[in-house]
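The values are calculated or read from the model by the stated rules, or taken from the named source; none is laboratory data. Bear in mind that the values here come from a model prediction, so they are computed numbers and not experimental data. Note that each Cβ is placed from the backbone with ideal geometry, even for glycine, and that neighbours are counted across all protein chains shown. These area figures cover heavy atoms from the full protein model, side chains too; ligands, DNA and RNA do not enter into them. Shrake-Rupley method; radii C 1.70, N 1.55, O 1.52, S 1.80 Å.
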Amino acid sequence: MAAHWPDLAVALTEQAIDSVDHLLRGLGLLLQRGRLTEAEYRILALPAQRLKQCGVHAQQIVRLQSGQVRQSHEKIDLAYVVESVLQERREALALQGITVRRQFRPVELLIDPTVAYSLVQAMLEWAVQQGSRLELRVEPRVPDDTPPATAEPGPPRGWLAVDVLLDGPRVPESVYADGVLWLLAQQLASTDGGITLQRQVEPGRVRLTAQFRRTVGQARATDATGHDSGAPSTVFKTIGGSYAVVCSADAPTRLRALDVVKKLGIAADGVASAAQALAALAARDIHLLVLDEAHLPADAAQLADTLAQQRPGIAVVRLIGDAQPGTDQDAADGHHEAPRIPLEALDARLGPAVMFSLSKVV
């Protein structure tokens, strides 16, 4: 029976997610017909959405544990990853009354971008469950297991700390519980193999930290007093002025992809044909094209030819059918190919692919 637990977990989560989707569609229909108010809809929909998210996390754990995730390590800025996650969640955090203070310094890691993005998401979600006042810090630090002072100190490692400021002396019981989010974060760290996670309680706060062994470059750590050692603050590439086009002949897929892109704070339009995409290209500067190759428009060849001639540097993210081979990030000899995202993983993996594609061109 032990060998069947992954299959059982997948079956249970698929059933739960499908049931929640039906429930949410029903609630949406009642809202449209005036049988529910907006406030009533939110009260009923919120626990359903949380249940669905729990199922998605469980599916991620099973996929990671079974080795289904192919990694492609790249050099990325940890601070940029964390800021990207915060930008994606800014509206939801504001609605929940979550306040976030941040102090970021540049730290370059060698890591799979999707694993890094998913880990930061899981850490943030875990922290939100503990309290509403968060402090995030990214910096290079001498590792906790550094040799004694008489020996040569080891090189600094990337360090991410998420602190939850407590309103009183009572520590939430969930801090010590091995819930789905904690298990997901642990599995992500284990999948990478170079990340150490720790959760601890300090006076007035709960702290969750991730330490990254594959830190690259000549980053300097903070000094013994904890003060900045002189490196400049991170300057983030802005995505606020970015514009994206989602091209898909399938309306539901187009709307799903548009929803993901817009939640990142990126202006975006959806088109059903290459002619419409080329019209958008002529009207304004496009930084990113999300192309649904599983539902290609009949005139897709025209779009490919025009982009190759006029905009060879545009960032492209490709959506592929579930049966097609693909990776989150493909890279070889420093050349970054267009990320390929299976449709079944669109909601979880399109956001990270968009952010990292734009980070190379914006």
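When the criteria are applied in full, L31 meets the requirement of being among the hydrophobic types (A, V, I, L, M, F, W, C), over 28 Å from V162 (Cα atoms) and out of contact with any Leu (no Cβ under 8 Å at 6 or more places or on another chain).
The numbered conditions (1) touching a residue at least 40 places away in the same chain (Cβ under 8 Å); (2) out of contact with any helix residue (DSSP H, G or I) (no Cβ under 7 Å at 6 or more places or on another chain) are all true for D167 except (1).
Taken together, the criteria exclude V171 from residues that are buried (at least 19 other Cβ atoms within 10 Å of the Cβ) and closer than 11 Å to Q130 by Cα. Taking every residue in region 86-97 that is farther than 13 Å from L136 by Cβ and pairing it with any residue that is among the hydroxyl-bearing types (S, T, Y), at least 6 positions away or on another chain, the pairs with Cβ-Cβ distances below 7 Å are G97/S132. Scanning region 184-199 for residues that are surrounded by fewer than 16 Cβ atoms within 10 Å (Cβ to Cβ) and touching a helix residue (DSSP H, G or I) at 6+ places or on another chain (Cβ under 9 Å), we see that the one that is nearest to I61 (Cα to Cα) is S190.
Matching residues to (1) open to solvent by 30 Å² or more (accessible area, probe 1.4 Å); (2) in a helix (DSSP H, G or I); (3) out of contact with any Pro (no Cβ under 9 Å at 6 or more places or on another chain); (4) under 19 Å from A185 (Cα atoms):
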site: Q15; (1), (2), (3), (4): yes, yes, yes, no
site: V20; (1), (2), (3), (4): no, yes, yes, no
site: L24; (1), (2), (3), (4): yes, yes, yes, no
site: L27; (1), (2), (3), (4): no, yes, yes, no
site: C54; (1), (2), (3), (4): yes, yes, yes, yes
site: Q71; (1), (2), (3), (4): yes, no, yes, yes
site: L110; (1), (2), (3), (4): yes, no, yes, yes
site: T114; (1), (2), (3), (4): no, yes, no, yes
site: L124; (1), (2), (3), (4): no, yes, yes, yes
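Among the candidates G265, G270, G230, the residue that is modelled with pLDDT under 90 and either touching a Leu at 6+ places or on another chain (Cβ under 9 Å) or loosely packed, with under 14 Cβ neighbours inside 10 Å (or both) is uniquely G230.
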